[in-house]
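Each value in this text was obtained by applying a stated rule to the coordinates, not by laboratory testing. Every value quoted in this text rests on a predicted model; they were computed, and no experiment measured them. As a convention, Cβ positions derive from the backbone with ideal geometry for all residues, glycine included, and neighbour counts pool all protein chains shown.
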Amino acid sequence: MTSDTSQSLSKITKSILNQHGITLNKNLGQNYLIDENKRNQIVNFGEIDEDDIILEIGPGIGTLTIELAKKAKKVIAIEQDGNICKILTERLKNEKIDNVELINDDALKTDFPKFNKIISNLPYQISSPITFKFLDYDFDLAILMYQKEFADRMNGEVGSKNYSRLSAMLYFKCNVDALTNVSSESFIPKPKIDSTVVKLTPKENKIEDIDFETYSNFTKALFQHRNKKIRNALIDSRHIISRIDKKVLKQRLNSIEDDKLNDYLEKRVIVLEPEEILYISKELNPIFNE
C-alpha cells in the first residue's frame, strides 16, 4: 500500500478501512479525521521541529501520525485497538517511516515515555481522564482535539454553566486557547456534535505539588455537588478527601471560629474562584486529616 497524494484523505481513509474489513466504533471514540486542511492545520499548530518528541493518543490508522513523524524527531503513538495497530504498523513500513514508537496499550493505564509535546485527535470517551493525566507530566505544549462542549468547559468562567472541575483544575496548570472548530462533517463516522482544537500551554510553577494535590482532592469533592453550599458538598463527598466520619466532620466544621472560612462554607461551589478553592483546601485539609 503506497501513499497517493492524488487521493483525498477521505478516500484514502475509507480505502484502508475497507481493505482491512474495519468498521469503526463510535462508542470507542473511533471518529477518524478525513479533512486534510484541518489535519494540516493541527500539525502546523504544533510548531514541530526536528528535536521534538511527540506523544499521540489514539493514532488510529496514522492520519496525524505520519505527518507528525515527517517533521519530528520521534512520535510515541499509543493505540488500544490491536487490529488498528497492525494496520498502522503496515502503513509506517510502506511509508518507510521508522521514527514512530507504537504502543498497543490503554493510554490511561500505561506510563508515558519521555516526550515534550502532545498532539492528538483524542478518543472522546477518555477526554476527561486523559487530560487530568497529562497534567501529571511536564510538556512544552499540547494541541488536542475535543468535542466542542468539552472544550468549552475547559475555559468555563466562574458561575457559568461551563464552570467545572475541569476548568478549575486547568486554571493553575495551563493556559487554554481554542484554536479552531472542526465540523462533524470532517469525520467518519460522523459524530453528533462539532469539535474544537485546543492549545494547552503549561504555566510556570504557580502552585506547589503538595498544595495542588490537596486542591485537586477538594476540587473533585466540591464539583460532585457544584450547586450545593461548600459545607454540604464537602460533607457529602468527604470520602474523596479522607476517611473521616461524617459526624466527626460535621462537628469540626461547626466548631470553626474563623469568620472568613465560615462565610465560604455558606457559599455555593459554582461561585468560587480557583484561588478561593485553593485557600479553602489548604485551610480545611487539617480538619479532614488530623
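Can you name the residue in segment 223-254 that is basic (Lys, Arg) and touching a Leu at 6+ places or on another chain (Cβ under 6 Å) and is also nearest to ILE210 (Cα to Cα) among such residues?
It comes out as ARG238.
Within segment 150-166, the set of residues being of a type in the set (S, T, N, Q) and touching a residue at least 24 places away in the same chain (Cβ under 8 Å) comprises just one member, SER164.
Okay, residues lined up against (1) among the β-branched types (Val, Ile, Thr); (2) without any contact (Cβ under 8 Å) to a residue 12 or more places away in the chain:
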site	(1), (2)
PRO191	no, no
VAL198	yes, no
LYS206	no, no
GLN224	no, no
ILE241	yes, no
VAL248	yes, yes
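Annotation note: of ASN181, ASN104, the sole residue that is touching a helix residue (DSSP H, G or I) at 6+ places or on another chain (Cβ under 6 Å) and surrounded by fewer than 18 Cβ atoms within 10 Å (Cβ to Cβ) is ASN104.
So is GLU185 within 25 Å of the chain's Cα centre (by Cα) and closer than 20 Å to SER160 by Cα or not?
Working: within 25 Å of the chain's Cα centre (by Cα): yes; closer than 20 Å to SER160 by Cα: no.
So GLU185 does not fit the description; no.
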